Amino acid sequence: MKKLSLLLLLLLTIFFAAAQKKRIDTLKVALSKAKTDTMRYLALIRLSTAYYLPKPDSAIIFAQQGYLLAEKNNWAINQATCLNAMANAYANLGDYVKSIQYYFKALKIAGESNDLFMMSLLNDNIGATYIQEEDYKKALPYLRMAQKQSNAFALSHKLLFRHKQNRAVIYINIGECYLDMHRADSAEYYLKACYDDCKKLKLTDVMGGVQRDLGEVQAEKGNKAGALQFFRQAVINEKAIDDGDDLSIAYLSTANLYHKYKQQDSAEYYAQKALETAAEGKYVQDVLNAGKALYTFYDEDHNLPQAYKYFKITTTAKDSIYSQDKVKQLLSLDFDAKQRQEEIEAAKTENRNTVRFYVLLAGLAVLLLLVIIFWFANKQRKKAYNLLQRQKQETDLQKTKVEHTLGELKATQTQLIQSYNSISVLSQIGKEITSTLNLDTILNTVYQKVNELMEASVFGIGIFIPEEESIDYRMAIEDGRRYTPYRRKMDNKNQLPVWCIENNKEVFINNVRKEYTNYISEYAEVINAKLDDGSSFKSPVSLIYLPLTVEEKVIGLITVQSFRENAYTLQHLDILKTLASYTSAALYNANSFEKLQTTVNELQLTQKQLIQSEKMASLGELTAGIAHEIQNPLNFVNNFSEVNQEMLEELKAENKKPEAEKDEQLEVELINDIIQNEKKINHHGKRADSIVKGMLEHSRSRSGQKEPTDINTMADEFIRLSYHGLRSKDKSFNAELTTNLDADLPKINVVQQDIGRILLNLFNNAFYAINRKKKTAGADYKPEVTVATSSGNGQVVIKVKDNGIGIPDAIKEKIMQPFFTTKPTGEGTGLGLSLTYDMVVKGHGGSIQVNSIEGEESEFIISLPL
């Protein structure tokens, strides 16, 4: 936004640019004809105002003459007016130091005169000048004071049009100051107030600029749609008043907004519009700004040909700015030289005429005239010689200045070429460090590349750990020697890296001892850092700290340091900023990958634990069934053993009797009974042994080893084991078990342990379904589980069917998913059917099919290849 407050006085005298020259000529005539000091003063101040934009140096001269006239007549406010005009001109020339000095001098005079309007105008101008110097903290108090004085003036005076204009300008300056300080809400308040005044007063020249600033406020607040609306209104208004300068700026604001939201095509389109508009109006500074934006956008797109094209346009614009200044200087030198030559020729002519005059008079007083002629001629020659010497010195000085300017232009051109080369190198570096997810690789690559681009005697990257309020230096190197990894605590605020992270701003110092107070109150060396080789580290003299950010969140910092003074330039800072953006993205990606890997490992561990839990649950039910199967033969063994013990005691007692009393028939019967009982003990013992061996055969761990297996035997055993396992938990549970096993079923190669788990899972689910239904069904309900086997088409088929609660259609597709369960919390892991599916399909190349009618029955069909 242009410095509108400095143009306030212009509005009193300048209405149309086309009438400018005529106005100046009229004022010069008025000045030459002025008969009083008052008329002369008015002509001088009006000429100063008229020359403010086209020739600020002339404006200063006329304002100085007006000031001397006002001082002579003791016109205090007129003195302040002239000082304000001089300050405006110096500000237009970019000499803000002199500008501020004259503003303060004028403010002192206005204060002594208690002129509220002039004080308000001057305070606003001071604040606006500080805004141009980007010193917003200094600017704001003066703008506040200007607002306060303007309000006080309004209470005691009738507001004229120019007073209302002044108030509008104060508001826009305050709004812009808050906008530059990133305080969007405060900026919006004042800009809206200015906007309302502009509409009431019909300030069309100001309207477009205010709308653009309001758009910038919306952009700052993240309201893309609102920002675009204001930018479009600004474009319409700037077109209406044919202000190509502000129109180009409005287009560029639109381009930057689209760029912020990664809409490169739109950003490039509006930047092109900004460039075309600026080029059409020959606004070289706007061409430079638009060109910079375009080669930045295309560089981000890795479109190097287009980036280079606009880089050349930018370079040309910059050269043009310098060239225009150089031409002006050369023209000025040429003009001055001609003026001086004319003066010399005039002096020579005057000298010759004088000589001739005295020759004519020689007859009257020959001797006297000769003496006078020689004396005067000698004096004139000396005067001419001295004049020539002075002119020669001034010419040599101007020549030196021109040569210096040309040298600066060449240096700038070299710097721009170096900047372009740095952009290409940085682009390649960005590809390298963002192509890996290994943190150590990223850190080492960044270190190597930084040393190629600038001096980095000390280099470090720190990771910010908010939850621990510390900075973790994973990598720090001094002259090729690594520091032992260490941490800085954030509680000590007198640390430059702490300031960098907390303020999310760079630290740029070329002499630590002299410049540290710009950031912290005290400077202390880090005490907990040490080098791996045990040697002492040195203190840096020059250093840069840059925050590493991702989506405006600080994740760490990068630093380069040197042991010599003035080691770094702003170009180094720009290079490091670009490198920092690549490093931030790479570190964020690496950290995210590391967290993701940790999460995957934890999930895998949890999955293994859950699978083990599922296996242990199945083993518990299997154990309960085995215990029940073994219990019957064990009961027989125990009972027959007790009977044999009693009969042996009876036989022993019979043997102790005298021969005459012994009953031989009884002895024979007891012995026969004991023999029969022993046979039964042996039979039931073998039965128990057979059960144990069978279970061991099916449950022993063989790590995926397949072997010929009788599926019928396994189906028969496991349906009973599952049933008895449930019975051990609920003695009231009863069900009918039906087996339809194909007697001609061939043995197939399977992993017996896996098939056992498959059958046990299916039987357990079947018994669970009928048990749930039994609790709600009537007395006529008869629970039944059926297992059937068959073969055909190169496959063995196992069918497990129950008449339980069935499976709803809505969840049929989910029942094989891991962790999906319909059982109450704590009763199921959701892994049983998932593991069954994996063992059937993945482990044995088979298939599993589910047929179910909700509320009536379910059937699982397992097909295994022969």
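The values are calculated or read from the model by the stated rules, or taken from the named source; none is laboratory data. Everything quoted here is computed from the prediction, not taken from an experiment. Quick reminder, even Gly has a Cβ in these numbers, built from the backbone with ideal geometry, and neighbours come from all protein chains shown. Just the protein is used for accessible areas: all its heavy atoms, side chains included, with ligands, DNA and RNA removed. Shrake-Rupley method; radii C 1.70, N 1.55, O 1.52, S 1.80 Å.
Summary of computed values
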read-out: Spherically averaged projected area of the stretch 125-241 from its Cα convex hull (nm²); value: 7.2
read-out: Förster radius 56 Å - calculated FRET efficiency between ASN451 and LYS148, Cβ distance, rounded to 0.05; value: 0.55
read-out: Added length on full extension, which subtracts the Cα-Cα distance from 0.36 nm per residue, THR38 to VAL371; value: 114.8 nm
read-out: Separation in nanometres of the label points that stand 7 Å from Cα toward Cβ, at LYS782 and THR316; value: 10.0
read-out: The stretch 516-556 - Rg over Rh from alpha carbon coordinates, Kirkwood radius; value: 1.06
read-out: Listed residues VAL371, VAL507, VAL206 arranged by accessible area, highest first, probe 1.4 Å; value: VAL371, VAL206, VAL507
read-out: With all protein chains modelled, accessible area of MET181 [1.4 Å, Å²]; value: 50
read-out: q = 0.11, 0.22 Å⁻¹: log10 I(q)/I(0) that the Debye formula gives for the stretch 54-196, counting C-alpha atoms only; value: -0.41, -1.34
read-out: Volume in Å³ per residue [convex hull over Cα atoms, computed for the stretch 435-570]; value: 124
read-out: Extension reserve of the LYS392-THR484 stretch, reckoned as 0.36 nm per residue once the Cα distance is removed; value: 26.5 nm
read-out: Gain on full stretching of the segment that runs from ALA240 to ASN749 - 0.36 nm per residue minus C-alpha separation; value: 174.4 nm
read-out: Under 12 Å from the GLU522 label point (7 Å along Cα→beta-carbon), backbone N, the stretch 476-506; value: 492-495
read-out: Long pairs among LYS706/LYS782; LYS199/LYS312; LYS55/LYS292; LYS55/LYS309, criterion Cα-Cα beyond 31 Å; value: LYS706/LYS782; LYS199/LYS312; LYS55/LYS309
read-out: Violating pairs (Cα-Cα greater than 31 angstrom) within the set LYS28/LYS137; LYS108/LYS514; LYS98/LYS282; LYS505/LYS530; LYS656/LYS679; LYS98/LYS262; value: LYS28/LYS137; LYS108/LYS514; LYS98/LYS262
read-out: Exposure rank, largest accessible area first [THR821, THR400; 1.4 Å]; value: THR400, THR821
read-out: With DNA, RNA and ligands ignored, accessible area of LYS379 (1.4 Å probe; Å², nearest 10); value: 110
read-out: Partner aspartates and glutamates for LYS553 [C-alpha distance under 17 Å; skip if fewer than 8 residues away on the same chain]; value: GLU220, GLU467, GLU468, GLU469, ASP472, GLU502, GLU506
read-out: Cut-off under 5 Å, modelled amide H: who pairs with LYS530 long-range; value: THR484
read-out: 5 Å binning of all Cα-Cα separations within the stretch 225-278, expressed as whole percents from 0 upward; value: 5, 25, 31, 24, 12, 3, 0
read-out: Pair-distance profile P(r), taking every C-alpha pair of the stretch 714-866, with 10 angstrom steps and integer %; value: 10, 41, 37, 11, 1
read-out: Protection proxy ranking, peptides 194-200, 288-294, 724-730, average beta carbon neighbours within 10 Å, highest first; value: 288-294, 194-200, 724-730
read-out: Rounded to the nearest 10 Å², the accessible area of GLU659 at probe 1.4 Å; value: 140
